[in-house]
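Before any comments, here is the structure.
The values are calculated or read from the model by the stated rules, or taken from the named source; none is laboratory data. These numbers were taken from a predicted model, which means no experiment stands behind them. No Cβ is skipped: glycine too gets one built from the backbone with ideal geometry, and neighbour counts run over all protein chains shown. To get the accessible areas, we keep the full protein, side chains included, count just its heavy atoms, and leave off ligands, DNA and RNA. Shrake-Rupley method; radii C 1.70, N 1.55, O 1.52, S 1.80 Å.
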Amino acid sequence: MRAIVTDYVSTQEPIGSKALVERHHLGVSSATVRNDMAALEAEGYIAQPHTSSGRIPTDKGYRMFVDRISEIKPLSAAERRAILSVLDNGVDLDDVLRRSVRLLAQLTRQVAVIQYPVLSTARVRHLEVVSLSPTRLLLVVITDTGRVEQRMVTLSEEIDEDNLVRVRDMFSTALDGKRLEDASVAVAELATTAPADLREAVITIATVLVETLVERGDDRLVLGGTSNLARSAADFSSNMGGMDIVLDALEEQVVVLKLLAHTQRTGKVTVQIGEETNTENLRSTSVVSTGYGASGTVFGSVGVVGPTRMDYPGTIASVAAVAKYVGEVLADR
């Protein structure tokens, strides 16, 4: 089975018994291999796409192959340095994520996707309140996942520098080190406990901050390498909708987020093959994904989408490596 998968991924041609014997020096006759292939076919691990042709792996065959991968070949030291160098040069969170998907798409020759850090798992690292005018403030919230949120606040009354310092200290104390879901509660409580002379300003700022700290539904994913699907167009059969329906599915962020939701922790790569994606438009694809983060905290998920005929060992190794370094880079910022 391993030989069939390896050869089919490499050649994209149905595999015959004679070719297996010659390529892999199995030391048995073609007839013996044909018998073994007949048994594999009867059990649903391989199939015959055309009469008088060789066999190709089924989803069940790929699953057995993936489940029995005993060791993932690690990336070379040069490859690891290259990945870290590319990601470390990112100027901000957006740039790091864009670099990540570009790099992963190049390494795997598949479509790469990464989820923005999930805000509910992040903690507030710093809050800055900047006066732009006596009645206009700029709020800057920085999380430990590298995300930066900026909001403008317009006050109904002017605030002087001394009171601005009091407000800044009040909110910083309430927010520092808290998870965002807890921080939003702490901010809301400030609106009821603030000194009378600052209460109106605090309520206005708190309202804006609560909206900022609550999980946002937009710009959740970064996608890269969709042009790689064209190289694998032949893998997407017309009777299953072809490549176009795969592209349509990838445009639906909710669909991709659902696929990535299977990834719950770092260090464990999840492989969903064909029907296992539970997505009609992605029945001809596989999704290889894992979580990225630091110190046991998952910031989000990263992975690739490609045809079921993919280099699983190489793809798993690349996804794991990029996830590891994305987490390290963001944790150091």
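Annotation note: Cβ proximity below 9 Å between a residue of segment 11-33 that is free of Cβ contacts under 8 Å to residues at least 12 places away in the same chain and a residue that is surrounded by 14 or more Cβ atoms within 10 Å (Cβ to Cβ) and charged (D, E, K, R) (sequence gap 6+ or interchain) occurs for VAL28/ASP36.
Residues that are among the aliphatic types (A, V, I, L, M), modelled with pLDDT of 90 or more and either in a helix (DSSP H, G or I) or buried (at least 18 other Cβ atoms within 10 Å of the Cβ) (or both) occur in segment 169-182; there is at least one.
Residues in segment 58-82 that are out of contact with any Asp or Glu (no Cβ under 7 Å at 6 or more places or on another chain), surrounded by 13 or more Cβ atoms within 10 Å (Cβ to Cβ), not hydroxyl-bearing (Ser, Thr, Tyr) and not in a loop (DSSP other than H, G, I, E, B): 9 in all. Taken over segment 30-45, the residue count meeting the criterion of being out of contact with any Ser or Thr (no Cβ under 9 Å at 6 or more places or on another chain) and part of a loop (DSSP other than H, G, I, E, B) is 1. Residues in segment 83-92 that are open to solvent by less than 70 Å² (accessible area, probe 1.4 Å), assigned to a helix (DSSP H, G or I) and farther than 11 Å from ALA321 by Cα: SER85, VAL86, LEU87. Picking from residues in segment 40-57 that are closer than 22 Å to ALA234 by Cα and among the aliphatic types (A, V, I, L, M), the one that is surrounded by the fewest Cβ atoms within 10 Å (Cβ to Cβ) is ALA47. With respect to the conditions (1) open to solvent by 10 Å² or more (accessible area, probe 1.4 Å); (2) among the hydrophobic types (A, V, I, L, M, F, W, C); (3) in a helix (DSSP H, G or I), VAL271 lacks only one, and its number is (3). In the set SER53, SER131, which member is in a loop (DSSP other than H, G, I, E, B) and either farther than 17 Å from GLU328 by Cβ or of a type in the set (Gly, Ala, Ser) (or both)? Sole residue among the options that is in a loop (DSSP other than H, G, I, E, B) and either farther than 17 Å from GLU328 by Cβ or of a type in the set (Gly, Ala, Ser) (or both): SER53.
Criterion applied to MET1, MET37 was being open to solvent by less than 70 Å² (accessible area, probe 1.4 Å) and in contact (Cβ under 8 Å) with a residue 40 or more places away in the chain, and the one residue passing it is MET1.
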